[in-house]
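The values are calculated or read from the model by the stated rules, or taken from the named source; none is laboratory data. Here the structure is a predicted model, which is why all the values come from computation and not from measurement. In this analysis, Cβ positions are derived from the backbone assuming ideal geometry, glycine residues included, and neighbour counts consider all displayed protein chains. Keep in mind that these areas ignore ligands, DNA and RNA; they rest on the heavy atoms of the full protein, side chains included. Shrake-Rupley method; radii C 1.70, N 1.55, O 1.52, S 1.80 Å.
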Amino acid sequence: MTQAGLTRRQALFSVLVSGVALPSWPLLAEEAWPSRMIKLIVPSAAGLPTDVHARIIAETLGERLGQRVLVENKPGATGNIGMQAAALAPPDGYNFAFVIATYITSNPFTFKRLLYDVEKDFVPVAMLSKAGFTYIVREGLGVKSVADLTAYIKANPGKLSVANIAPGSLAHLSFEVYLRSFGGKVEMVPYRTGAQVMQDLWGGQVDLYPGPVGSTRQVQANGKARALAITTIERHPSLPNVPTMAEQGFPGYDYFGWYGVMAPKNTPPAIVERLNREIATIVTSQQYRERMIGLGAIPGDALTPERFLALYREEAARFGPLIRSMNIVVE
């Protein structure tokens with residue numbers, strides 16, 4: 001045995017015989033954290049926007065923590081598969097979930113059988129960034145503002161076709177809030193991917209798409225579609241010429257998706273707090289802000305676990321009744 005090993009054993013023995021309580025082994029583990037690779041479970045397929053954001057965070061966190069942060073993709077069932085895997089992962093500080101708003105504030109109300117319980121299975125770490133939506137119309141529709149859109153829908157009830165990738169998603173719900181403000185009726189057309197929507201929007205097979213900001217520049221580039229409005233309270237830096245809904249007669253209209261990190265329930269609080277501090281440092285950096293703007297997002301402001309918790313509880317309280325009134329149920 002080495003001299004260091006003898007010294008440690010002698011120290012432990014002296015504490016034991018003196019009757020002084022030893023710190024628990026989990027506490028010792030927290031003090032040494034992280035001592036090995038960390039796993040970030042992403043309930044999305046590789047290459048999609050959620051995965052891209054997750055890898056940016058994983059890479060930067062790994063550099064700060066001195067340990068690799070491995071992204072493990074577990075797609076399926078609108079995030080249910082990955083979220084269940086994260087909920088069942090050991091709460092040892094080496095397993096975390098990369099989440100989006102839909103998994104936390106929409107899925108609990110849209111799925112008949114949810115494979116996880118947000119409140120019982122997870123604790124919040126931090127929100128990373130938020131991303132609004134843009135209401136994009138095909139150019140041939142002749143609609144150039146939200147006022148024009150509202151007039152068109154009123155004059156043609158049920159005629160406007162609206163692409164819907166995920167029923168109950170925040171993009172869908174934000175548009176429903178707009179419709180209900182004046183009793184508008186449209187035809188919701190189901191789609192599987194954003195790429196399919198883009199092709200049909202350009203081709204005139206669908207009229208409108210409540211889509212992520214990141215896709216708007218591509219859609220407008222060929223002149224076959226127009227962004228009418230952005231759903232956040234402020235304009236996005238990458239789309240300075242696209243006005244907000246609030247600027248077009250809908251005061252207080254502020255809807256956005258977000259990205260965040262959560263931990264399995266019972267993860268040591270000291271580790272959650274440490275990870276929160278590291279994330280806050282990353283999210284408030286200029287480099288991160290520039291990368292997020294390039295992807296159509298902006299850094300989030302719910303940087304403490306308490307503020308993050310309050311955010312998604314408020315959203316659940318706001319969107320839950322709306323989802324139920326729409327009778328959206330996913331088996």
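What single numbered condition from (1) farther than 21 Å from Thr134 by Cα; (2) under 17 Å from the mean Cα position of the chain (by Cα); (3) open to solvent by less than 60 Å² (accessible area, probe 1.4 Å) fails to hold for Met292?
Looking at each condition in turn, Met292 falls short on (1).
Failed condition for Met262, given (1) farther than 30 Å from Ala151 by Cα; (2) over 16 Å from the mean Cα position of the chain (by Cα), with all others met?
(2)
Right, Val177: under 29 Å from Ala270 (Cα atoms), within 21 Å of the chain's Cα centre (by Cα) and of a type in the set (A, V, I, L, M) or not?
So Val177 does not fit the description; no.
Which members of region 236-253 meet the condition of being crowded, with 16+ Cβ neighbours inside 10 Å and in a loop (DSSP other than H, G, I, E, B)?
Of everything in region 236-253, those that are crowded, with 16+ Cβ neighbours inside 10 Å and in a loop (DSSP other than H, G, I, E, B) turn out to be His236, Ser238, Leu239, Val242, Pro243, Met245, Phe250, Tyr253.
Out of Ala270, Ala263, report the one residue that is farther than 30 Å from Val143 by Cα, in contact with a helix residue (DSSP H, G or I) (Cβ under 6 Å, 6 or more places away or on another chain) and open to solvent by less than 10 Å² (accessible area, probe 1.4 Å). Break it down into steps so the answer makes sense when it comes.
Working: Ala270 fails: open to solvent by less than 10 Å² (accessible area, probe 1.4 Å).
Unique residue meeting the criteria: Ala263.
Taking the stated definitions as given, is Val213 of a type in the set (Val, Ile, Thr), over 30 Å from Ile41 (Cα atoms) and not assigned by TED's automatic domain parsing to the domain that holds Asn107? If you could, list the steps in order and put the result at the bottom.
Values: of a type in the set (Val, Ile, Thr): yes; over 30 Å from Ile41 (Cα atoms): no; not assigned by TED's automatic domain parsing to the domain that holds Asn107: yes.
No, not satisfied.
From the residues in region 295-308 that are of a type outside the set (Lys, Arg) and surrounded by fewer than 16 Cβ atoms within 10 Å (Cβ to Cβ), which one is nearest to the chain's Cα centre (by Cα)?
Filtering region 295-308 for residues that are of a type outside the set (Lys, Arg) and surrounded by fewer than 16 Cβ atoms within 10 Å (Cβ to Cβ), the one nearest to the chain's Cα centre (by Cα) comes out as Asp301.
Checking Leu61 against (1) open to solvent by less than 20 Å² (accessible area, probe 1.4 Å); (2) free of Cβ contacts under 8 Å to residues at least 60 places away in the same chain; (3) closer than 24 Å to Ile282 by Cα; (4) not hydroxyl-bearing (Ser, Thr, Tyr), which test does it fail?
(2)
Can you tell me which residues in region 87-129 are among the polar types (S, T, N, Q) and open to solvent by 10 Å² or more (accessible area, probe 1.4 Å)? Break it down stepwise before answering.
Initially, region 87-129 is screened for residues among the polar types (S, T, N, Q), giving 95, 102, 105-107, 110, 129.
The answer is Asn95, Thr102.
Scan the helices (runs of 4 or more DSSP H) fully inside region 146-216 and keep the ones with 3 or more residues being modelled with pLDDT of 95 or more and open to solvent by 50 Å² or more (accessible area, probe 1.4 Å).
146-155
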